[in-house]
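See below for the structure under consideration.
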Amino acid sequence: MTHPAITLPTLIAHRGYSAAAPENTLAAVRAAHEAGARWVELDVQLLGDGTPVIWHDAEVDRCSDGRGNLNTLTWPQAKVLDVGSWFGDSFADEKMASLEAMLALLNELEMGVNMEIKVNKGRDPIELVNRVLPEMLDALSPERLIVSSFDVDALKHCRTLAPKEELALGVLFGNTPREWRALCEAVDAFSIHPHWPRLKRDQADAMHQAGYQLLCYTANDPSAFNNRWEWGIASVITDEPAIFKRFLDNQHSK
């Protein structure tokens, strides 16, 4: 069986349109949609009480008016945090997004998502997958969902819960390891998500020839990235989707 028939966009908005709105919020996803992005990349993890939320860091300090570890918070405590004022006054009182609210917004806007299973230090990947994957599979069609992670145990557990024809999995790499092919084969991966400055041409060629889609993160300078398109890159994950789109539109019009 093949993977879901996903039509990958050229541009995926990183944590929503995170250059224009506070990352991983409903506002950032709305901003991405308004800028013309049709897919976003987001992070999901659990609060201390098991509530799934859209959040990147292990702590709330950087992106809210609170302090402390995510795994010590309950949903009643987390949902009153201001997660927008740090970014700008116009986002004052933006709230942390629950997974439930984010999935509802993605459906409302008919957007696709690359959802990263974010396994921060000391957290249990199996517990996280068990809690979030059924909810995502229930809410989104297979053509609008890629689940990715750096954590191999998380990806392997995802695959035990859903076959490859029902769920596209993406393997995240910083430096691409020598055993990348075995890691991808072990989870029936659909895509590989390399850190774009560290990806080498021969690696990209081998991945492409092996049938994997390449989604590079996080590129924000379209001219610096431009020669990588000929490496067979399918999508760029970017904080700056509007800047990338203008650059690519200009290139195509020449």
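What follows draws every value from the coordinates through simple rules; no lab data is involved. Here the structure is a predicted model, which means the values were calculated and not measured. Cβ atoms come from the backbone with ideal geometry, glycine included; neighbour counts cover every protein chain shown.
Checking the condition touching a Pro at 6+ places or on another chain (Cβ under 6 Å), under 23 Å from ILE126 (Cβ atoms) and crowded, with 20+ Cβ neighbours inside 10 Å, which residue from ALA189, ALA168 passes?
Numbers: ALA189 fails: touching a Pro at 6+ places or on another chain (Cβ under 6 Å).
Testing whether each residue is touching a Pro at 6+ places or on another chain (Cβ under 6 Å), under 23 Å from ILE126 (Cβ atoms) and crowded, with 20+ Cβ neighbours inside 10 Å leaves just ALA168.
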Tell me the residue from ALA186, ALA182, ALA204 that is farther than 25 Å from ASP57 by Cβ and touching a Lys or Arg at 6+ places or on another chain (Cβ under 7 Å), please. ALA186
Looking at segment 114-131 only, could you name the residues that are buried (at least 23 other Cβ atoms within 10 Å of the Cβ) and under 14 Å from the mean Cα position of the chain (by Cα)? ASN114, MET115, GLU116, ILE117, LYS118
Would segment 109-121 turn up any residue that is among the basic types (Lys, Arg) and closer than 21 Å to GLY48 by Cα? yes
Residue by residue through segment 119-140, note down the ones that are part of a loop (DSSP other than H, G, I, E, B) and touching a residue at least 12 places away in the same chain (Cβ under 8 Å). VAL119, ASN120, LYS121, GLY122, ARG123, LEU140
Number of the condition not met by TRP75 [criteria: (1) aromatic (Phe, Trp, Tyr); (2) in contact with a strand residue (DSSP E or B) (Cβ under 8 Å, 6 or more places away or on another chain); (3) surrounded by 17 or more Cβ atoms within 10 Å (Cβ to Cβ)]: (3)
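Only one of THR160, THR238, THR176 is over 16 Å from TRP39 (Cβ atoms), hydroxyl-bearing (Ser, Thr, Tyr) and either surrounded by 18 or more Cβ atoms within 10 Å (Cβ to Cβ) or in contact with a Gly (Cβ under 6 Å, 6 or more places away or on another chain) (or both); which?
None of the other options fit; the residue is THR176.
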By residue number, the members of segment 204-220 that are closer than 20 Å to PRO177 by Cα, surrounded by 13 or more Cβ atoms within 10 Å (Cβ to Cβ) and out of contact with any Pro (no Cβ under 9 Å at 6 or more places or on another chain) are ALA206, HIS208, ALA210, TYR212, GLN213, THR218
Of the candidates GLY36, GLY68, GLY16, the one satisfying the condition of being crowded, with 16+ Cβ neighbours inside 10 Å, touching a strand residue (DSSP E or B) at 6+ places or on another chain (Cβ under 9 Å) and among the small types (Gly, Ala, Ser) is GLY16
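Do we have ALA182 as in contact (Cβ under 8 Å) with a residue 40 or more places away in the chain, assigned to a helix (DSSP H, G or I) and surrounded by fewer than 21 Cβ atoms within 10 Å (Cβ to Cβ) here?
On the way: in contact (Cβ under 8 Å) with a residue 40 or more places away in the chain: no; assigned to a helix (DSSP H, G or I): yes; surrounded by fewer than 21 Cβ atoms within 10 Å (Cβ to Cβ): yes.
Considered against the rule, which asks whether it is in contact (Cβ under 8 Å) with a residue 40 or more places away in the chain, assigned to a helix (DSSP H, G or I) and surrounded by fewer than 21 Cβ atoms within 10 Å (Cβ to Cβ), ALA182 comes out as no.
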Looking only at segment 221-233, and only at residues there that are within 20 Å of the chain's Cα centre (by Cα) and crowded, with 18+ Cβ neighbours inside 10 Å, the one that is farthest from PHE150 (Cα to Cα): PRO222
